[in-house]
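Just below is one structure, and these are the notes that go with it.
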Amino acid sequence: MKQTGIWIGFCAWALVACGDAGGGTDAGPEPEAEPEVTVDEEALIDAVANYQQAGFVKINDLPYTSQHGLADLVNVYVSTADATKYRSVDPADTDQSIEPFGPGATIIKEHLDDLGEFDGLLVMYKAEAGYNPDVGDWWWGRFTGAPAADTLADSGKVGFCISCHSETNDFADTDYVGGVERSNLDAPGF
Ligand code: HEC
């Protein structure tokens, strides 16, 4: 009981000391800005570099053609914990909506050239809430070769990725992803 009294006393003091930042002639210090949400690109590059060994699941069966004009064919890999949710996105279902992916979800689109050779990666990585809340807090990246800092040609809030994934293709209800044709899922019916 005695302790409760002490806490109430403390809170009353705190209200007087801190509670009137907004009004009066003495407005007090500016409220502190929210810390900016950032993405640790180095750690992300390390995780992505391993995509064929660990941590990712290949979603499609056969390489397929895509709207991505830079690639002749593509494969998609998704962070293991997020693969089921990604598989549920059906490009043929235009009314579908899904719960957004959680922070850390990573989707990799592997680009192949006309000979079927590796030709870079495009990556969507779900950052912490607040990174870019208007468009799902995704970080976007384009690697022109094997993932490394010097092959990362575009990264962050990349306008041309976002405009295509939101306006051109109205993917907002499926958290800005398009999905893979049902007939080309690696484990159909999963
Ligand atoms: C011309 C429009 C267009 C542009 C520009 C574009 N995308 Fe896409 N992207 C799509 C479409 C459509 C799909 C899904 C169907 C497909 O593969 O064509 C897709 C699929 C993806 C996927 C697989 C996940 C999914 O949506 O199913 C990733 C990852 C991806 N894009 C990343 C990027 C990144 C990163 C950029 C920018 C560097 C980018 N995209 C630019 C149209 C685009």
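Selection of segment 28-49 for residues being surrounded by 10 or more Cβ atoms within 10 Å (Cβ to Cβ), assigned to a loop (DSSP other than H, G, I, E, B) and not β-branched (Val, Ile, Thr) yields 28, 40. Of all residues in segment 50-70, those that are more than 9 Å from the ligand (Cβ to nearest atom) and either part of a loop (DSSP other than H, G, I, E, B) or modelled with pLDDT under 95 (or both) total 9. Among the numbered conditions (1) near the ligand (Cβ under 9 Å from one of its atoms); (2) surrounded by fewer than 22 Cβ atoms within 10 Å (Cβ to Cβ), the only one that residue 74 does not meet is (2). Checking each residue in segment 140-159 for being more than 13 Å from the ligand (Cβ to nearest atom) and either assigned to a strand (DSSP E or B) or in contact (Cβ under 8 Å) with a residue 60 or more places away in the chain (or both) picks out 146, 148, 149. Taking first residues from segment 104-131 that are more than 17 Å from residue 161 (Cα to Cα) and partners that are among the aromatic types (Phe, Trp, Tyr), the Cβ contacts under 7 Å between residues at least 6 apart in sequence or on separate chains come to 112/118. Pairs linking a residue in segment 63-84 that is in contact (Cβ under 8 Å) with a residue 60 or more places away in the chain to a residue that is part of a helix (DSSP H, G or I), with Cβ atoms under 9 Å and 6 or more positions apart or on different chains, are 64/184; 67/164; 67/168; 76/86. If I filter segment 100-112 for residues that are within 21 Å of residue 62 (Cα to Cα) and loosely packed, with under 13 Cβ neighbours inside 10 Å, do I get at least one hit? Taking every residue of segment 100-112 in turn, none turns out to be within 21 Å of residue 62 (Cα to Cα) and loosely packed, with under 13 Cβ neighbours inside 10 Å. Once segment 116-139 is narrowed to residues that are buried (at least 21 other Cβ atoms within 10 Å of the Cβ) and under 15 Å from residue 66 (Cα atoms), the residue that is nearest to the ligand (Cβ to nearest atom) is 122. Look at (1) within 20 Å of residue 66 (Cβ to Cβ); (2) more than 10 Å from the ligand (Cβ to nearest atom) and you find that residue 107 fails only one, number (2). Filter segment 77-89 down to residues that are in a loop (DSSP other than H, G, I, E, B), exposed (fewer than 15 other Cβ atoms within 10 Å of the Cβ) and not polar (S, T, N, Q), then give me how many there are. Counting residues in segment 77-89 that are in a loop (DSSP other than H, G, I, E, B), exposed (fewer than 15 other Cβ atoms within 10 Å of the Cβ) and not polar (S, T, N, Q) gives 0.
The values are calculated or read from the model by the stated rules, or taken from the named source; none is laboratory data. Keep in mind that this is a model prediction, so the values were computed, not measured. Virtual Cβ from ideal backbone geometry, glycine too; neighbours counted across all protein chains shown.
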